[in-house]
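A short worksheet on the structure shown next.
The values are calculated or read from the model by the stated rules, or taken from the named source; none is laboratory data. Keep in mind it's a predicted model, so treat the numbers as computed, not measured. Note that we place each Cβ from the backbone using ideal geometry, even for glycine, and neighbour counts take in every protein chain shown.
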Amino acid sequence: MPRKFSLHRLIVICITFLTFILLIRDSLCELRIKRENTEVVVLLNYELKS
């Protein structure tokens with residue numbers, strides 16, 4: 001059971017992450033993911049609209 005729970009947790013996290021990326025994709029500048037020692041970097045482009 002713990003493995004099944006972990007799998008569900010991972011799926012929920014992935015879906016949440018993908019949804020977030022889809023929502024901000026217009027202002028997203030960079031997305032960098034490294035596997036060893038886990039590094040996730042998300043940079044957003046911010047500009048004022050007048």
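At-a-glance table
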| read-out | value |
| --- | --- |
| Pair list, Cβ under 9 Å, 6 or more apart: the stretch 36-47 residue of a type in the set (Ser, Thr, Tyr), other residue surrounded by 10 or more Cβ atoms within 10 Å (Cβ to Cβ) and in a loop (DSSP other than H, G, I, E, B) | Tyr46/Ser27 |
| Count of residues meeting criterion [at pLDDT below 75 and either more than 15 Å from Tyr46 (Cα to Cα) or assigned to a helix (DSSP H, G or I) (or both)] in the stretch 12-29 | 1 |
| One residue from Arg32, Arg9 being touching an Asp or Glu at 6+ places or on another chain (Cβ under 9 Å) and at pLDDT 75 or above | Arg32 |
